[in-house]
Amino acid sequence: MTFSIHGLAVARGIAIGRAVLIASSRVDVAHYFIEAPQVETEIARVRAGRNAVVDEIRRLQQSIATMGPKETPHELAALLDVHLMLLQDEELISGVKHWITERLYNAEWALTTQLEVIARQFDEMEDEYLRERKADLEQVVERILRYMKGVASPVAPPSSPRRKTQQDLLLDDTMDVPLVLVAHDLSPADMMQFKQSVFAGFVTDVGGKTSHTAIVARSMDIPAVVGARGASQLVRQDDWIIIDGDAGVVIVDPSAIILAEYGFKQRQGELERTRLSRLRHTPAVTLDGQKIELLANIELPGDAPAAVNAGAVGVGLFRSEFLFMGRQGDLPDEEEQYQAYKLAVEGMQGLPVTIRTVDVGADKPLHAGERDAAHLNPALGLRAIRWSLADPAMFLNQLRAILRAAAHGQINLLIPMLAHASEIRHTMALIDRARAELDNQGVAYGAVKLGAMIEIPAAALTLRIFLKYFDFLSIGTNDLIQYTLAIDRADESVAHLYDPCHPAVLRLVAETIAECNRQGKSVSVCGEMAGDVALTRLLLGLGLRSFSMHPAQILAVKQEVLRADTSRLATWAAEVLQAEDPGKLLAA
Ligand code: PEP
Ligand code: MG
């Protein structure tokens with residue numbers, strides 16, 4: 001039966017494919033594709049995990065047998081029997097084998113997928129006692145996963161899962177069908193695992209439009225919907241689904257008529273892309289001759305070629321924290337970072353690269369699956385520059401690596417989340433120290449321009465201080481909106497209040513642009529507003545001449561630029577700023 005689930009539109013386009021469910025487990029589970037020759041090893045790992053847990057339970061049963069009834073309640077022995085029975089259930093192991101053999105999932109992913117399949121069967125049982133056995137099944141699977149976690153995987157997860165090869169296609173025709181990922185939640189680090197993978201689209205139950213998970217999905221340029229509440233419960237493994245990334249809708253089990261309609265829309269989208277691709281080499285100049293700088297946001301050095309391909313004239317935001325995430329605390333050292341930044345610089349073929357120092361914390365935990373439970377409000381806690389200043393040795397590693405990479409090309413160094421003059425001075429002192437250390441070691445490094453992100457209202461209201469210290473500013477509208485409106489950007493339950501066109505937000509953006517223009521300092525917007533074509537004219541009217549966005553958004557924004565007349569837009573933008581509901585004027 002066809003039904004739809006509504007969420008938030010995150011990345012444009014239509015995806016049609018079979019659902020791959022990523023079950024949410026209390027144990028942090030890696031998801032990656034293995035190579036065909038590794039199938040047997042992965043199956044053996046699950047078997048070994050299961051056997052180890054069976055042995056453990058048997059040992060427990062034996063020790064219980066030697067105790068008296070007072071020390072061991074009768075229920076415990078019964079429970080262990082149930083666990084043993086579940087562990088030996090053939091459906092569990094044969095299902096796991098299926099996901100490993102047919103889909104080439106790694107062992108842990110196959111196990112959690114099969115858990116989800118069986119758990120749903122339990123949910124549908126009439127008998128309440130049997131229904132409640134689902135919790136037992138979850139517990140035994142978790143024990144297997146924990147055991148497997150303790151035993152190193154012989155197949156290291158690839159840094160980016162490989163693309164589907166011709167061999168895969170021959171291996172099994174089910175691999176030929178586009179796959180779309182459905183999950184309760186995916187951390188930004190999880191998303192990076194899936195970058196360049198086979199998935200044609202993403203759906204998550206939770207998340208806001210500018211959550212970092214959504215940002216990575218957008219950078220992958222595949223249709224995505226977040227905040228589609230209940231999707232991971234309502235969609236079943238292998239269901240056909242349509243993701244409408246423009247409308248933020250997920251259609252499950254579509255009828256033939258709906259499929260045909262969306263197939264048509266999908267082809268229209270492809271034609272539009274082909275049409276836009278002709279603008280790649282066209283300079284971004286407005287009708288009245290204003291040159292506009294269109295830059296790219298990237299997450300990894302490997303994204304640089306796509307940025308050049310899309311016609312970006314540089315990188316306006318390299319989110320360096322993606323080098324730090326999902327490494328179980330094994331942070332990249334100076335040399336590794338230096339190589340990564342150098343690679344980004346080389347990948348940009350002489351164009352400037354703006355590297356933002358690490359911005360972890362809040363919805364970008366260092367490890368996938370980690371939740372910052374220790375802090376009540378991580379978005380207001382130790383994140384970004386606060387984290388760096390709290391660990392000077394780590395920060396100095398990064399600063400030295402960036403300065404060294406600057407010997408190979410033009411690098412701008414960008415600092416996130418500053419609010420206080422004392423933080424600025426502290427940061428400047430550490431940059432000076434990093435230079436002095438390199439001087440002492442006789443290591444070559446290059447000159448960098450220094451920039452600050454304006455993403456806390458306090459910063460936007462004290463521009464004078466920022467402009468005294470920095471060569472350029474970059475407006476991080478994602479956080480600026482979050483902190484101005486007191487809306488958690490990752491929380492879909494308040495997503496309707498997350499408004500880039502709130503008069504307070506526009507005023508802070510407008511004043512930052514105007515002040516920089518008055519003082520002759522460069523300013524850009526690198527938050528998601530920069531890539532939103534509905535806002536291009538407004539930002540141009542406010543005097544913005546530099547936009548940084550995902551490479552996939554550049555051509556559509558360029559098209560808006562080519563049609564714009566900034567002299568007219570300035571008058572209109574001034575009116576928009578005064579409006580009670582500026583968003584309505586944009587729609588008009
Ligand atoms: C922003 O806050 O707008 C920004 C660009 O930084 P991030 O999205 O990585 O927090
Ligand atoms: Mg930010």
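Structure summary
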| item | result |
| --- | --- |
| Sequence-distant aspartates and glutamates (8 or more away, or on other chains) whose Cα lies within less than 18 Å of Lys521 | Glu293, Glu455, Asp471, Glu511 |
| Dipole of region 468-556, positive direction: furthest Cα of Phe472, Leu506, Cys526, with charges on the beta-carbon | Phe472 |
| Stokes-Einstein translational diffusion, region 446-561 - Kirkwood Rh over all Cα pairs, 1.002 mPa s, 20 °C, in µm²/s | 147 µm²/s |
| Charge dipole (debye, nearest 20) of region 281-587; +1 at Cβ of Lys and Arg, -1 at Cβ of Asp and Glu | 860 debye |
| On Cα atoms only, tilt of 107-123 relative to the major axis of the chain in degrees | 70 degrees |
| Estimated vicinal HN-Hα couplings, Hz - region 512-522 in sequence order (Karplus 6.51, -1.76, 1.60; Gly, Pro = x) | 5, 5, 4, 5, 5, 4, 4, 8, x, 9, 7 |
| Flagged links, alpha-carbon separation over 23 Å, of Lys342/Lys449; Lys97/Lys134; Lys291/Lys558; Lys364/Lys584; Lys209/Lys584 | Lys364/Lys584 |
| Interchain or long-range residues, amide H under 5 Å from Ile475's placed H | Ile454, Ser524, Val525, Cys526 |
| Positive-end residue of Ile431, Ser567, Gln578, charge dipole of region 281-587 with Cβ unit charges | Ser567 |
| Region 36-149, dipole about Cα centre (Lys/Arg Cβ +1, Asp/Glu Cβ -1), debye to the nearest 20 | 580 debye |
| Trypsin sites (Lys or Arg not before Pro) within region 297-351: DSSP coil, no more than 15 neighbouring Cβ in 10 Å | Arg327 |
| Projected-area mean, region 281-587, by convex hull of Cα positions, square nanometres | 15.5 nm² |
| Gain upon complete extension [Leu130, Glu346; 0.36 nm per residue less C-alpha separation] | 71.8 nm |
| Largest-first ellipsoid semi-axes for region 297-400, taking √(5λ) over the Cα gyration tensor eigenvalues, angstrom | 26, 15, 12 |
| Charge dipole of the chain about the Cα centre (unit charges at C-beta), most positive-ward option of Leu485, Ala393, Thr113 | Ala393 |
| Relative contact order (%) - criterion: Cα under 8 Å, at least six apart; region: the chain | 15 percent |
| Cα centre as origin, Lys/Arg/Asp/Glu Cβ charges: the chain dipole, Debye | 2140 debye |
| Principal-axis tilt of helix 256-277 within the chain, Cα atoms, nearest 10 degrees | 40 degrees |
| Angle in degrees between helix 133-150 and the longest Cα principal axis of the chain, rounded to the nearest 10 | 70 degrees |
| Overall Cα dimensions of the chain, principal axis frame, Å, largest first | 82, 65, 47 |
| Kirkwood-based Rg to Rh ratio, region 36-149, C-alpha trace | 1.03 |
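Since every read-out is calculated from the coordinates, none of them should be taken as a lab result. Here the structure is a predicted model, which is why all the values come from computation and not from measurement. Glycine also receives a Cβ, built like all others from the backbone with ideal geometry; neighbour counts cover every protein chain displayed.
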